[in-house]
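Taking it in order: structure first as structure tokens, then the write-up.
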There are 2 protein chains.
Amino acid sequence: MKKITLEEIGEILRQHDDYLVLMHKSPDGDAVGCAYALCGMLRNMGKKAQTLCGDEIPELFSAVTEKLEDTELEPEFIVSVDLATEKLLSGRALEYAGKIDLCIDHHAINSEYAAVGYVDPGAAACAEILKKLFDVMGEKITPQIADALFMGVSTDTGCFKYSNVTPATHRIAAELMECGADSYGICRRFFDTKSRTKIALEKMMLDTIEYAAGGAVAFICVTKKMIEESGATQSDMDGIAAITKQIEGVKAAITMREKEDGEFRISVRSSDGVSAAAICRVFGGGGHDAAAGCSIYKPLEEAKADIIAECVKAVEASL
Amino acid sequence: MKKITLEEIGEILRQHDDYLVLMHKSPDGDAVGCAYALCGMLRNMGKKAQTLCGDEIPELFSAVTEKLEDTELEPEFIVSVDLATEKLLSGRALEYAGKIDLCIDHHAINSEYAAVGYVDPGAAACAEILKKLFDVMGEKITPQIADALFMGVSTDTGCFKYSNVTPATHRIAAELMECGADSYGICRRFFDTKSRTKIALEKMMLDTIEYAAGGAVAFICVTKKMIEESGATQSDMDGIAAITKQIEGVKAAITMREKEDGEFRISVRSSDGVSAAAICRVFGGGGHDAAAGCSIYKPLEEAKADIIAECVKAVEASL
């Protein structure tokens, strides 16, 4: 992949006519925000442009997606945004694997699959890069585009909370507000709203909470029955791993989720010298030091006892 | 109260030697952050300075407060920060009512109690004003002072989420990070950490949740027994009114808390044309359209039925 500058991207985006903008599977706020912002900008520049995601885009993002009607086009130039590797394409987007002309991304692990690309791992969100791109191009950011980019920046940073936030992140947020981004509405939608089914699921999950190692290990569980009874949807599951992780004093936070065929899918988040990856490797899983996963194929109580015991061991070894 | 400029405040802060900086009772992150930032800055300028709060400062703010040791002084000049009226003084701070020389605040309802003052209701946090003041004075903002101010800005805006956030808020956050503010640590502490007792209390509270009017009214309750059994502290109560308010589709969110002597203290948060103040006035209470309170002196089930019925009526009238 040939590395190019934002200026060069600007030139390329003026040269063609029919742009297709690809998103990764299970699209998040940054992927959707970037795709819709770029598509909207290209249309404002008089181009034809269309977004494409192989998966359905969650209703959660409708405030951004409903403002841009679908259009028919013969793609002449394929762009990906926030796409680390082509392995993250799905469904109808898969046919463009190997054919991506331009990649704009912020993942350090970007696999450089496109003809040309711009990757800035220092950007907290891919939307930060697009904001800079539009400024370099001298194109006006409308309130609609500002909303899409603000959604990307705020969701990829947990509302300006995560360690990826830089001074540039806040300055971009300020400028997007000045372009008309509805900061309050977007933050309220994504960080201050829970569905009734999510509340019902959390209530059931909190009933399963258990502590070990004097509170350094916390366990929580979600079963198929709980999902059924609460009516919880896939998006209600977002962030459930944070429930135990946020508890004061917890160094190993376990979230166990019942899947099909007797599988319990386990997520471990850790801190203070406890390696989640090392814990999960014991069960054939893996991941990063701070966040890892594995599966245990045993009855609930046994699976729970196994993962808690391994976490207690890891916490004790870290003291 | 004579209105003065930030430049004039800067001159005053160079003229005296022994400064006392007052905080309001039940101090929040902005009050504590501002008092410790101003006190730290005055000491860096070679002055003697001391903070004073009539109430105990919660442990939650210790990362900021523990960096500034107490000192003895005969106050020569009294400053208040983030203090809307002298009625909000408590304990040992009460003796300075009527004697405050300078007030720096961001509350539109500031009662202008000081000899001179600067009030900017457009500032999301009083800490925004202090940041501008230190810049006007040309004084260096150390990492310690940046942390205190960042705590004020982030806590008064719900981590950049509330409607009071302006582009200036984000720019100030960016600049404080460049001065060394630990954005991630502060946000993690205030917005991503829950005590084990708070988790236990929330679990019990979720067991009391009830909906009415097709989900437009949500009710939650905390009893003395629940507080006792969970071991919850006063700071664990912070934000409990948000539990029902954040539920999708809820227009009247009720939080009912058992107090002494048979009192149930009720908080109503409302939206979509439902007036919390009108609902609470029925029970002799009051407040704003979007947030109000009242007390009902009846057994739990009756108090609950009364407030839910009134909310249902208000929701139906709003349709």
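The values are calculated or read from the model by the stated rules, or taken from the named source; none is laboratory data. These numbers were taken from a predicted model, which means no experiment stands behind them. We place every Cβ from the backbone using ideal geometry, glycine too, and count neighbours over all the protein chains shown. Surface accessibility is based on the protein's heavy atoms, side chains included, excluding ligands, DNA and RNA. Shrake-Rupley method; radii C 1.70, N 1.55, O 1.52, S 1.80 Å.
Report yes if some residue within the stretch A:92-105 is open to solvent by 10 Å² or more (accessible area, probe 1.4 Å), part of a loop (DSSP other than H, G, I, E, B), over 26 Å from residue A:68 (Cβ atoms) and more than 14 Å from chain B (Cβ to nearest Cβ); otherwise report no. Before the answer, list the steps.
Of all residues in the stretch A:92-105, those open to solvent by 10 Å² or more (accessible area, probe 1.4 Å) come to A:92, A:94-99, A:101.
Pick out the ones that are also part of a loop (DSSP other than H, G, I, E, B) and you get A:97-99, A:101.
Retained after the next criterion (residues that are over 26 Å from residue A:68 (Cβ atoms)): A:98.
Now drop any that are not more than 14 Å from chain B (Cβ to nearest Cβ), which leaves A:98.
Yes; the residues of the stretch A:92-105 include at least one that is open to solvent by 10 Å² or more (accessible area, probe 1.4 Å), part of a loop (DSSP other than H, G, I, E, B), over 26 Å from residue A:68 (Cβ atoms) and more than 14 Å from chain B (Cβ to nearest Cβ).
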So residue A:84 ticks every box in (1) over 23 Å from residue A:109 (Cα atoms); (2) touching a strand residue (DSSP E or B) at 6+ places or on another chain (Cβ under 7 Å); (3) aliphatic (A, V, I, L, M); (4) part of a loop (DSSP other than H, G, I, E, B) but one. Which box is left unticked? (1)
Residue A:237: passes all of (1) out of contact with any Lys or Arg (no Cβ under 9 Å at 6 or more places or on another chain); (2) aliphatic (A, V, I, L, M); (3) more than 12 Å from every other protein chain (Cβ to nearest Cβ) but (1)
The stretch B:196-208, residues that are of a type in the set (Val, Ile, Thr) and either within 7 Å of chain A (Cβ to nearest Cβ) or closer than 28 Å to residue B:63 by Cβ (or both): B:197, B:199
Considering only the stretch B:72-100, state which residues are in contact with a helix residue (DSSP H, G or I) (Cβ under 8 Å, 6 or more places away or on another chain) and without any contact (Cβ under 8 Å) to a residue 24 or more places away in the chain. B:97, B:98
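Taking the stretch A:259-281 as the search range and keeping residues that are open to solvent by 50 Å² or more (accessible area, probe 1.4 Å) and in contact with a Lys or Arg (Cβ under 9 Å, 6 or more places away or on another chain), which one is farthest from residue B:196 (Cα to Cα)?
The selected residue is A:260.
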If you check residue B:211 against the conditions, is it touching a helix residue (DSSP H, G or I) at 6+ places or on another chain (Cβ under 8 Å) and in the same structural domain as residue B:13 (by TED's automatic domain parsing)? no
Would you be able to say whether some residue in the stretch A:11-27 is open to solvent by 60 Å² or more (accessible area, probe 1.4 Å), polar (S, T, N, Q) and assigned to a loop (DSSP other than H, G, I, E, B)? yes
Residue check: is residue A:183 in contact with a Phe, Trp or Tyr (Cβ under 7 Å, 6 or more places away or on another chain), closer than 30 Å to residue A:266 by Cα and not assigned by TED's automatic domain parsing to the domain that holds residue A:303? no
Pick from A:237, A:256, A:226: which is surrounded by fewer than 21 Cβ atoms within 10 Å (Cβ to Cβ) and modelled with pLDDT of 95 or more? A:226
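Any residue in the stretch B:31-43 that is assigned by TED's automatic domain parsing to the domain that holds residue B:181, open to solvent by 20 Å² or more (accessible area, probe 1.4 Å) and of a type in the set (Val, Ile, Thr)?
Within the stretch B:31-43, not a single residue is assigned by TED's automatic domain parsing to the domain that holds residue B:181, open to solvent by 20 Å² or more (accessible area, probe 1.4 Å) and of a type in the set (Val, Ile, Thr).
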Looking only at the stretch A:146-154, decide whether some residue is within 30 Å of residue A:222 (Cα to Cα), more than 9 Å from chain B (Cβ to nearest Cβ), crowded, with 23+ Cβ neighbours inside 10 Å and of a type in the set (Asp, Glu). no
Could we say that residue A:251 is buried (at least 20 other Cβ atoms within 10 Å of the Cβ) and within 26 Å of residue B:236 (Cα to Cα) here? yes
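Looking only at residues in the stretch B:214-231 that are within 13 Å of chain A (Cβ to nearest Cβ) and of a type outside the set (Phe, Trp, Tyr), which one is farthest from the chain's Cα centre (by Cα)? Let's see the steps before the verdict.
Going through the stretch B:214-231, the residues within 13 Å of chain A (Cβ to nearest Cβ) turn out to be B:214-220, B:230-231.
Filter once more, keeping what is of a type outside the set (Phe, Trp, Tyr): B:214-218, B:220, B:230-231.
On the way: B:214: 33, B:215: 29, B:216: 28, B:217: 26, B:218: 24, B:220: 22, B:230: 24, B:231: 23 Å.
Looking at the filtered set, the residue picked out is B:214.
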Every residue from the stretch B:260-272 that is modelled with pLDDT of 95 or more, in contact with a helix residue (DSSP H, G or I) (Cβ under 8 Å, 6 or more places away or on another chain) and not hydrophobic (A, V, I, L, M, F, W, C): B:269, B:270
Test: residue in the stretch A:132-140 that is more than 14 Å from chain B (Cβ to nearest Cβ) and open to solvent by less than 10 Å² (accessible area, probe 1.4 Å): yes
Which members of the stretch B:164-195 meet the condition of being over 18 Å from the mean Cα position of the chain (by Cα), among the hydrophobic types (A, V, I, L, M, F, W, C), within 7 Å of another protein chain (Cβ to nearest Cβ) and more than 15 Å from residue B:124 (Cβ to Cβ)? B:177
